[in-house]
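Colleague: Dropping the structure in here first, questions after.
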Amino acid sequence: MADAEEKNSSHNIDRLKSDNAFLLESMQELLEKNSIAEEKVKSQMKKNDDLRNDIKRATRMMSKDMGLKVMLGEAQKSNQELTKEVDELRKAKAILKKDLASATKLMAAMQKREERQAMAED
């Protein structure tokens, strides 16, 4: 009977270790995705700032050259598109952050469970 309990306990520990490894891998993937999203947001924000500066310059020079109106319109359109992309990336980052928090909580709960089982075995 003791062998059966020990075998079952060992099986549970192995399963928890496997689950824990999977969660660690998932967390690492989420961290990598979050890092990529942050880099994209930074890049898009830089482009957005550059376009904003282009719009300001174009606005100042518009009185001198009517051709700049076209450039201004294109820059504004690009700025709007980039703003949408930044917003989407921020939303994706928020989702990744929530997923990472959930994975962290789940991993902590599984670790506590594993510790309780180990203490119960002792």
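The values are calculated or read from the model by the stated rules, or taken from the named source; none is laboratory data. Predicted model, so just to flag it, every value in this text is computed and none were measured. FYI the Cβ positions are ideal-geometry reconstructions off the backbone, even for glycines, and counts take in every protein chain you see. Just so you know, the surface numbers come from the protein's heavy atoms only, side chains and all, with ligands and any DNA or RNA stripped out. Shrake-Rupley method; radii C 1.70, N 1.55, O 1.52, S 1.80 Å.
Colleague: Give me the percent of the accessible area of region 1-62 that comes from carbon and sulfur atoms, probe 1.4 Å, all protein chains in place. Show your work: numbers first, answer last.
Modeller: Details: 2460 of 4620 Å².
C and S atoms contribute 53 percent here.
Colleague: Right, next: Please state the charge dipole magnitude for region 14-115, taken about the Cα centre, from unit charges on C-beta atoms (+1 on K and R, -1 on D and E), reported in debye and rounded to the nearest 20. Before the final figure, lay out each step's value.
Modeller: Working: 23 positive and 19 negative charges, 119 e Å.
Value, rounded to 20: 580 debye.
Colleague: In the neighborhood of residue 96, defined by Cβ-to-Cβ distances under 11 Å, what is the net charge if each Lys or Arg adds +1 and each Asp or Glu adds -1? Don't skip to the answer; put the middle values down first.
Modeller: Values: positive: 33, 90, 91, 93, 97, 98; negative: 29, 32, 38, 99.
That sum, taken over residues with Cβ under 11 Å, equals +2.
Colleague: Taking θ = phi - 60°, what integer Hz values does the Karplus form 6.51 cos²θ - 1.76 cosθ + 1.60 yield along region 23-30, in sequence order, with x for Gly and Pro?
Modeller: 3J(HN,Hα) across region 23-30, in whole Hz: 5, 4, 5, 5, 4, 4, 4, 5.
Colleague: Something else about it: So what is the calculated 222 nm ellipticity per residue for the chain, using -39500 (n - 2.57) for each DSSP H run with n of 4 or more, over all residues, to the nearest 500 deg cm²/dmol? Kindly include the intermediate steps, with their values, before the conclusion.
Modeller: Working: 2 runs with 115 residues, N = 122.
-35500 deg cm²/dmol, from helical runs alone.
Colleague: Measuring with a 1.4 Å probe in the full set of protein chains, what accessible area per residue, in whole Å², belongs to the chain? Could the numbers behind the result be given before it?
Modeller: On the way: 9300 Å² over 122 residues.
Accessible area per residue: 76 Å².
Colleague: Additional query: What's the local net charge at residue 109, with K and R +1, D and E -1, over the other residues with C-beta under 14 Å away? Intermediate values should be presented prior to the final figure.
Modeller: Values: positive: 105, 112, 113, 116; negative: 19, 114, 115.
Charge balance near residue 109 sits at +1.
Colleague: Now for a different question. Pick out, from 110, 86, 100, the residue whose Cα sits farthest towards the positive end of the charge dipole of region 82-122, with +1 on the Cβ of Lys and Arg and -1 on the Cβ of Asp and Glu.
Modeller: Comparing the listed Cα positions along the dipole, 86 ranks first.
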